[in-house]
């Protein structure tokens, strides 16, 4: 087994490359390669697929012990490139924690965004950005994702009510708004408190405020998601071996929810439906990645031909489009 468990990337340099899918997973290998070819991507690091297999052999406590020095060094490397510090209220670094097997498993495993937030960091970000709506929107998203993914509050099936979504709907009704993005700063702050209260009631524990504790919880949760019911079933259908494991990529956050001049989206070099060699994709203004797939807001098409085809499918005439 490879002794090295953590590979850094950022600022046009990377310790891995595209040929290392077995070690870094598809996402980690491609992020490394994108650095080599000059594509600007947020800096970060990837924990290897072998480490996932180790996690299942030795357990969470031991894997954290084995990884601590390398992860601390990789976080310091990311802090240096971003010129900010993980957990620092005055100049905070927030990260995303993402899965990445060597074969694509879309939507089967878990992601946590905006990690590193607590009350002090949130106030520091408000001071730094002058944008409290963005900060508390990110904060309520983080607490919900962490509660779902790390603390086990995600509903087991579609019939079960997501406790966080139920709280959001109630607060939106109270404020008289339809979309999450239209909630006031005070309502977003209220969501953070209500989410934390729900976590305490359901798990018996307080929401973790230490960013380092949050990070280890998220890394181990992504390893655990390799063996969730969805992922196991998908691997059986696709013939993907269990022993491949998933890598974990930790990256500096880039925010699509800072207002009307930021956005999130997804794009493809081919049409996913019919294989046509046609660049296509969707985006949402003032949103984060989960919003694109949640189906609450209708995304916009990235390309003109995509917009035309979407309009045709929706039965919108050329006169109406004009």
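The values are calculated or read from the model by the stated rules, or taken from the named source; none is laboratory data. The shown structure was predicted, so the numbers you read here are calculated from the model rather than taken from an experiment. No Cβ is skipped: glycine too gets one built from the backbone with ideal geometry, and neighbour counts run over all protein chains shown.
Check segment 271-280 and report whether any residue there is modelled with pLDDT under 95 and surrounded by 15 or more Cβ atoms within 10 Å (Cβ to Cβ). Yes.
The criterion of at least 1 residues that are in contact with a strand residue (DSSP E or B) (Cβ under 7 Å, 6 or more places away or on another chain) and farther than 23 Å from residue 299 by Cα is met by the following helices (runs of 4 or more DSSP H) wholly inside segment 124-218: 132-149. Taken over segment 1-19, the criterion of being out of contact with any strand residue (DSSP E or B) (no Cβ under 8 Å at 6 or more places or on another chain) and farther than 20 Å from residue 253 by Cα is satisfied by 1, 2, 3, 4, 17, 18, 19. Do the conditions hold for residue 230, that is, is it in a helix (DSSP H, G or I) and assigned by TED's automatic domain parsing to the domain that holds residue 73? Yes: the conditions hold for residue 230. Listed by position, the strands (runs of 3 or more DSSP E) enclosed by segment 243-286 that each have at least 3 residues that are under 30 Å from residue 134 (Cβ atoms) and touching a residue at least 40 places away in the same chain (Cβ under 8 Å) are 246-252. For segment 113-132, a residue qualifies if it is surrounded by 20 or more Cβ atoms within 10 Å (Cβ to Cβ) and closer than 18 Å to residue 263 by Cα, and the qualifying residues are 113, 114. A single member of 148, 137 is in contact (Cβ under 8 Å) with a residue 40 or more places away in the chain, touching a helix residue (DSSP H, G or I) at 6+ places or on another chain (Cβ under 8 Å) and assigned by TED's automatic domain parsing to the domain that holds residue 192, and it is 137.
Across segment 223-236, a minimum of one residue is classified as surrounded by 11 or more Cβ atoms within 10 Å (Cβ to Cβ) and modelled with pLDDT of 90 or more.
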